Amino acid sequence: MFANFLPFLRRSPPPDSESAFVREVTVTRHEPRSRRSEMLLLGGWILIALKCVGTFWMVRHYAMPFNPWWIVLPTLAAAVLCTWVYWRRN
């Protein structure tokens with residue numbers, strides 16, 4: 001199966017003079033951040049902190065043969081990414 005590249009070889013028609021100007025500018029206000037969402041995010045960070053502390057304690061207490069950072073780092077990376085996306089959305 002071959003793609004049809006012929007439309008890419010043709011030149012597009014020159015734009016008319018009216019389409020070169022901006023016709024309208026619309027400014028929309030961002031909605032304020034939700035207090036509920038921020039509390040949910042804070043609750044998630046508290047649970048993640050408890051998980052990290054629990055992971056370090058369990059690995060040390062039960063002498064598991066791996067480093068606890070293998071569990072903690074991906075969790076923290078995902079949490080930081082989610083928090084960054086939330087704060088950068090506006």
Hey, can you tell me all the residues within the stretch 60-81 that are free of Cβ contacts under 8 Å to residues at least 12 places away in the same chain and open to solvent by less than 90 Å² (accessible area, probe 1.4 Å)?
Ala63, Met64, Phe66, Asn67, Pro74, Ala77, Ala78, Val80
Filter the stretch 59-90 for residues that are closer than 30 Å to Pro32 by Cβ and among the hydroxyl-bearing types (Ser, Thr, Tyr) and give the result.
Thr75, Thr83, Tyr86
Surrounded by 10 or more Cβ atoms within 10 Å (Cβ to Cβ) and at pLDDT below 95: does that describe Trp87?
yes
Name the pairs: first residue in the stretch 22-35 and on the phi > 0 side of the Ramachandran plot, second residue of a type in the set (Ser, Thr, Tyr) and open to solvent by less than 100 Å² (accessible area, probe 1.4 Å), Cβ to Cβ under 8 Å, at least 6 apart or on different chains?
none
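The values are calculated or read from the model by the stated rules, or taken from the named source; none is laboratory data. Treat the numbers as computed from the prediction; the structure is a model and nothing was measured. Note: ideal-geometry Cβ built from the backbone for every residue, glycine included; neighbour counts use all protein chains shown. What goes into the accessible areas is simple: the full protein's heavy atoms, side chains included, and nothing from ligands, DNA or RNA. Shrake-Rupley method; radii C 1.70, N 1.55, O 1.52, S 1.80 Å.
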